[in-house]
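The next block holds one structure in the form of structure tokens; read it before the comments.
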Amino acid sequence: MIHQIIAITLKELKVLWLDREALALLFAMPMFFILVMSFALEGVFEAGSKGHPIEILVVHQDGGRLAEQAIADLKRMEGLILIETYEGIPLTSDNAEQLIGKGIYSLALHFPEGYTEKILKNSNDPQEEKATVYLLSDPAMNLQLLATVKGAIQGAIERRVLLTRIPQRLKEMFGTLEGMEGQLDNLLGDTNVSGRERSNVDFIHTFPKGFNAGRRPTATEQNVPAYTIFGVFFIVLTLASSFLQEKRDGTFQRILAAPLSKTALLIGKLLPYYLVNLIQIGLMFCVGVVVFGIKLGNLPALVIVSLALAAAANGLGLLVAALGKTEPQVNGLSVLLAITLSALGGMMVPTFIMPNLMKTLSLFTPHAWALAGYHDIIIRGLGTKEVLTEMAVLLGFASFFFVVALWRFRFDK
């Protein structure tokens, strides 16, 4: 019996060794998944730390010393990087809104003109108009991270204003105290501003113009689109396996005998899977609406992104069918792409907490562009015009996959 077991084992090992590509995929799939998820999750608990600082655009229109001092204080805070210029040009409020709208940055701090003057006037006369600071954020930004950053910024600004006012109060009580502000700055150091010592600066949290500011995003509004995209790309396995099965059964060769072009044959084969993808997308969003009550936003925009997404998924399925020679190869490659690209594209881990390298790599996946399009519609409240870029990129992925698949597809085997 032992000899029989050994003989069967050796036979199976030889079978596995004959299909080396499939054997390699068995090791590559978990390895790639571990690498992608480990790098992506590196910043989950470290966002805002020295190793994973948060980038904040700064619009400095005031020109006064209090705004400059507040910015200097924030620059000294660990875990924050303040950016005052973009491409060598000082930022304006319009520039900052555009950069947030494009998803390049998530936060901007705006010191409007007259900020310092109003604080100094208010110091002498509490009835004067309050100074205002604006914090602009992407509506899709993580709420917990936003609250932490907002609190840190507000605390630093209020502390600086309070330090400016204390010498004035002491002067009123004891006369002129030269250099008191600098001494108080050192004395208070890391002291927090208490609730009774508020600076009366209006700290306004807002969104770029045209963004949906009426409500905050929920976990459902982020997860439903993400896992819809994740599910859509599993069509790759079904589609590629279908081609392989038809070739094995001889059905594909009989279809080739018909008077039709190879392009028409492939499109005809893809169309049913394309429709299945669209039904998947519709069903997933219906679940989100009925069960979780999410608001889908602009429906025409949602439709065009979904059409482009399904095209990209089918194009990738055809590419796998063209590259895979055996069923184990097709299965391994399909699962590898479905899981790894989903993780890299932000389906499992939001891209805003990823390291910069991972964020850049995510742009080479259709998943990231599809998710950006859905977030623009559902969370940011944007319309058809604003998601044309995401649609075009997804169609570009679909075209690339289809062209390469057509080039590599083996019609005679």
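The values are calculated or read from the model by the stated rules, or taken from the named source; none is laboratory data. What you are looking at is a predicted structure, and each value in this text was computed from that prediction instead of being measured. Virtual Cβ from ideal backbone geometry, glycine too; neighbours counted across all protein chains shown. Only protein heavy atoms, including side chains, enter the accessible area calculation; ligands, DNA and RNA are left aside. Shrake-Rupley method; radii C 1.70, N 1.55, O 1.52, S 1.80 Å.
Solvent exposure of the stretch 260-413 amounts to 44 Å² per residue of accessible area, where only protein heavy atoms count and the probe is 1.4 Å.
I need the shape label for the stretch 267-368. Rule: rounded when a/c is under 1.5, else prolate if a/b > b/c, else oblate, with a, b, c from the alpha carbon gyration tensor. Here the stretch 267-368 falls in the oblate category.
Less than 5 angstrom separates the built amide H of K325 from those of V330, all sequence-distant by 5 or more or on a different chain. Checking the cross-link pairs K150/K385; K75/K118; K102/K130; K359/K385; K209/K359; K247/K269 against a 20 Å limit on the alpha carbon distance flags K150/K385; K75/K118; K102/K130; K359/K385; K209/K359 as lying beyond it.
Taking amide H positions as modeled 1.01 Å from N, with prolines and chain starts lacking one, the residues under 5 Å from V58 and 5 or more places away or on another chain are I83, E84, L109.
In the assembled protein chains, F364 presents an accessible area of approximately 150 Å² (probe radius 1.4 Å).
Placing a label point 7 Å from the Cα of T360 along the Cα-to-Cβ line, the residues of the stretch 79-107 whose backbone N sits under 17 Å from it are 87, 104-105.
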